[in-house]
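Undergrad: After the structure tokens below, expect a handful of questions from me.
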Amino acid sequence: MKSYTTLLGLVAFLPQLTLAHGFVSGVTVNGKWTAGSDPVWYYYPEGTAPTTAGWDALNQDIGFIEPANFGTSDIACHKSAKVGKNFVDVKAGDKITFYWNTWADSHKGPIMNYIAPYKTTAGDLKWSKISQASIVSGSTWATDSLIANNFTASTTIPKNLKAGDYVIRHEIIALHGATNDNGAQAYPQCLNLKVSGSGKVAPSTGVAGTSLYKRADPGIMFNVYGSATSYPYPGPQLWTAAN
């Protein structure tokens, strides 16, 4: 970690970095706010960074995971991510709303949500996709709706999900450069969940982050400027067993 002086300098610089890119600053469930990981955690003196439910990553450039790195554990929860210390309290069937600090209207693309049984290492997480959204109509995408809703997007925790500890992976894939190989930009954001309720269905399988996508998948290489009316979602099919 860096010095407090460096922290102050970075905070001043962050507005310039975030003009195009973003991160999840936190979530709400039934009106209760739980903080996610702010990239400035890295610049706090050792042992003084805020404890949050978000996984701390080396995304101080507010950057992304490029398709060339989809085969690494960075795609799970962002670059070199470390497990968060807190948990978001949520009941099966609750809506969870993600708050991005900003997002650029040029960065159109899908928004997808995954869950995995809780592990402390990103490479050990096995993901099941629970929701996805892309083209709303015409040239309007889910990311445009996010911007219109004050940089928020929501999903519902499956109502029959077994109680326990999980990690939720909320991701935007920006497609403005995706007509080119290695041009898509993945922004995975992870937070710990403590799920309560009487549900009995647990994910029986899941997909490791390193197997979610390939750089040549139709939804990774995609012309967002064309006249497409549908989008070929990358990754596994939706897991609906706990719905």
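Undergrad: Residues to consider are 114, 99; find the one that is open to solvent by 60 Å² or more (accessible area, probe 1.4 Å) and in contact (Cβ under 8 Å) with a residue 12 or more places away in the chain. Talk me through it step by step, then tell me what you get.
TA: Values: 114 fails: open to solvent by 60 Å² or more (accessible area, probe 1.4 Å).
It is 99.
Undergrad: Okay, moving on. Please determine whether any residue of the range 165-177 is over 16 Å from the mean Cα position of the chain (by Cα) and under 23 Å from residue 53 (Cα atoms).
TA: Initial filter on the range 165-177 (over 16 Å from the mean Cα position of the chain (by Cα)): 165, 176-177.
Going one step further and asking which of them are under 23 Å from residue 53 (Cα atoms), we end up with 165.
Yes: the range 165-177 contains one or more residues that are over 16 Å from the mean Cα position of the chain (by Cα) and under 23 Å from residue 53 (Cα atoms).
Undergrad: Something else now. Quick check: anything in the range 150-169 buried (at least 22 other Cβ atoms within 10 Å of the Cβ) and either basic (Lys, Arg) or over 20 Å from residue 243 (Cβ atoms) (or both)?
TA: yes
Let's see how each residue does on (1) open to solvent by 50 Å² or more (accessible area, probe 1.4 Å); (2) β-branched (Val, Ile, Thr); (3) in a strand (DSSP E or B):
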site: 177; (1), (2), (3): no, no, no
site: 186; (1), (2), (3): no, no, yes
site: 218; (1), (2), (3): yes, no, no
site: 224; (1), (2), (3): no, yes, no
site: 231; (1), (2), (3): no, no, no
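Undergrad: Which one is surrounded by the most Cβ atoms within 10 Å (Cβ to Cβ), of the residues in the range 65-86 that are under 13 Å from the mean Cα position of the chain (by Cα) and not β-branched (Val, Ile, Thr)? I'd like the intermediate steps shown before the answer.
TA: The initial filter retains those residues of the range 65-86 that are under 13 Å from the mean Cα position of the chain (by Cα), namely 65, 74-79, 81.
Then drop every residue that is not not β-branched (Val, Ile, Thr), which leaves 74, 76-79, 81.
Details: 74: 23, 76: 28, 77: 31, 78: 27, 79: 19, 81: 25.
Out of the qualifying residues, it is 77.
Undergrad: Read through the list (1) hydroxyl-bearing (Ser, Thr, Tyr); (2) in contact with a Lys or Arg (Cβ under 9 Å, 6 or more places away or on another chain); (3) touching a residue at least 60 places away in the same chain (Cβ under 8 Å), then give the number of the only condition that residue 120 fails.
TA: (3)
Undergrad: Of all residues in the range 51-64 being in contact with a Ser or Thr (Cβ under 8 Å, 6 or more places away or on another chain) and more than 12 Å from residue 190 (Cβ to Cβ), which is least open to solvent (accessible area, probe 1.4 Å)?
TA: 62
Undergrad: Just to be sure I understand the filter: pairs with C-beta atoms under 6 Å, separated by 6 or more residues or on different chains, first member in the range 214-243 and under 15 Å from residue 175 (Cα atoms) and in contact (Cβ under 8 Å) with a residue 24 or more places away in the chain, second member among the acidic types (Asp, Glu) and open to solvent by less than 70 Å² (accessible area, probe 1.4 Å). Which pairs pass?
TA: Cβ pairs passing all conditions: 234/217.
Undergrad: Looking for whichever is modelled with pLDDT of 95 or more, over 17 Å from residue 54 (Cα atoms) and open to solvent by 20 Å² or more (accessible area, probe 1.4 Å) here; the options are 144, 89. Which one fits? Quick ask: steps written out before the conclusion?
TA: Details: 89 fails: over 17 Å from residue 54 (Cα atoms).
Just one listed residue meets the conditions, 144.
Undergrad: Taking only pairs six or more apart or across chains, which ones have beta-carbon atoms under 9 Å, a first residue in the range 39-60 that is at positive phi, and a second residue that is open to solvent by 20 Å² or more (accessible area, probe 1.4 Å) and aliphatic (A, V, I, L, M)?
TA: Pairs found: 47/1.
The values are calculated or read from the model by the stated rules, or taken from the named source; none is laboratory data. This one's a predicted model, so the numbers in the text were calculated from it and none came from an experiment. We place every Cβ from the backbone using ideal geometry, glycine too, and count neighbours over all the protein chains shown. Calculation scope for accessible area: heavy atoms of the full protein, side chains included, ligands and nucleic acids excluded. Shrake-Rupley method; radii C 1.70, N 1.55, O 1.52, S 1.80 Å.
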